[in-house]
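The values are calculated or read from the model by the stated rules, or taken from the named source; none is laboratory data. Predicted model, so just to flag it, every value in this text is computed and none were measured. Here Cβ is always computed from backbone atoms with ideal geometry, including for glycine, and neighbour counts include all displayed protein chains. Each accessible area value is taken on the protein alone, full model and side chains, heavy atoms only, with ligands, DNA and RNA left out. Shrake-Rupley method; radii C 1.70, N 1.55, O 1.52, S 1.80 Å.
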Amino acid sequence: NPLVEIRGMCKWYGDFSALFDINLTVAEGEKVVVCGPSGSGKSTMIRCINQLEAHQKGTIHVDGVEVTPDMKNIEQIRREVGMVFQGFNLFPHMSILDNLTLGPIRNRGATKAEAKDLAMHYLERVHIAEQADKFPPQLSGGQQQRVAIARSLCMKPKIMLFDEPTSALDPEMIAGVLDVMIELAEEGMTMICVTHEMGFARKVADRVVFMDEGEIIEVAHPEAFFGDP
Ligand code: ADP
Ligand code: ADP
């Protein structure tokens, strides 16, 4: 049973075609890396999966449920699809712990204590537990991105989407974030990652999707792109 199934998806802005006839199936546990030049539609494609962008044609299914612009449907899909962006979007005036515990987890009926346990569990997983009481501006960009990943994981998503999670980071911060993503991958998380980090792609990708001008022009195993390690 595929976790994500995209069939004949098209997306346009006015008369500009941003995505054309996208077909992509991602099985449970599979890791897909999406690469291609800037403006080729990578971000738009993954944003359609949780309807941060609405597609105009074709279908997207997440875990068997069709993704539609209906708000109820979108809420359900976003509980199952975690997303991490270039920017971390943490609330600067809340502690790291509060960034995780206030909001989505509580809204799902967890008690304060349950939300805190869950948050600490995921902060440990991304190696930030010692910083739980600090505020986002006190953390490095790499640490903040790991917090953003933990915040997503608190929702217990079935799949994680990453949109250039390391592109805004100083070079020395990148490895720590990639290590967390590699650990997630090794634990079996289903992932679609837009990234230029080819070392990461080679290490974790089951398939690499190459996009250009709004189309998927090639899908291959990483060795086919990068050669044997
Ligand atoms: P990538 O992630 O590969 O860099 P994007 O998915 O961000 O590419 O963008 C694909 C194309 O769609 C780009 O040419 C971009 O300028 C265009 N685009 C994205 N969002 C909009 C929008 N809201 N309105 C018009 N064009 C857009
Ligand atoms: P990123 O690559 O970090 O996802 P972008 O700079 O491509 O971000 O886009 C930021 C926002 O601007 C997105 O919401 C995107 O839809 C919008 N956008 C991108 N290109 C255009 C464009 N040509 N016209 C209008 N909006 C755009």
Which of the lysines could be linked to LYS42 by a straight reach, that is with a Cα gap under 21 Å, when you skip same-chain ones fewer than 8 residues away? LYS11, LYS31, LYS57, LYS158, LYS203
Heavy atoms only, 1.4 Å probe, whole protein assembly: order SER38, SER17 by accessible area, highest first. SER38, SER17
Could you size up the charge dipole of the stretch 55-150 around its Cα centre, putting +1 on the beta carbon of Lys and Arg and -1 on that of Asp and Glu, and report it in debye to the nearest 20? 120
Just to confirm the filter: which GluC sites (Glu not before Pro) across the stretch 143-229 are DSSP coil and have at most 10 other Cβ within 10 angstrom of their Cβ? GLU187
Rounded Å value of the spacing that divides the Cα centres of the stretch 151-229 and the stretch 79-103: 20
What residues have an amide H closer than 5 Å to that of PHE162, excluding those fewer than 5 places away on the same chain, when H is modeled at 1.01 Å from N in the peptide plane? VAL84, ILE192, CYS193, VAL194
Please give the helix 71-80 orientation as an angle from the longest Cα principal axis of the chain, in degrees from 0 to 90, rounded to the nearest 10. 70
Please list 116-124, 188-196 highest first by mean number of surrounding beta-carbon atoms within 10 Å per residue. 188-196, 116-124
Reported to the nearest 10 Å², LEU97 has, with a 1.4 Å probe, an accessible area equal to 20
So, with +1 on the Cβ of K and R and -1 on the Cβ of D and E, and no other charges, what is the size of the charge dipole of the chain about its Cα centre, to the nearest 20 debye? 780
Carbon/sulfur fraction of accessible area - the stretch 3-154, other protein chains in place, 1.4 Å, %: 51
Heavy-atom SASA rank of THR25, THR166, THR111 (probe 1.4 Å, accessible area, largest first): THR111, THR25, THR166
Computed over the chain: longest principal axis from alpha-carbon atoms vs helix 171-186 long axis, angle to nearest 10 degrees, is 80
Excluding residues fewer than 8 positions from LYS134 in its own chain, the aspartates and glutamates with Cα under 19 Å of it are ASP98, ASP117, GLU124
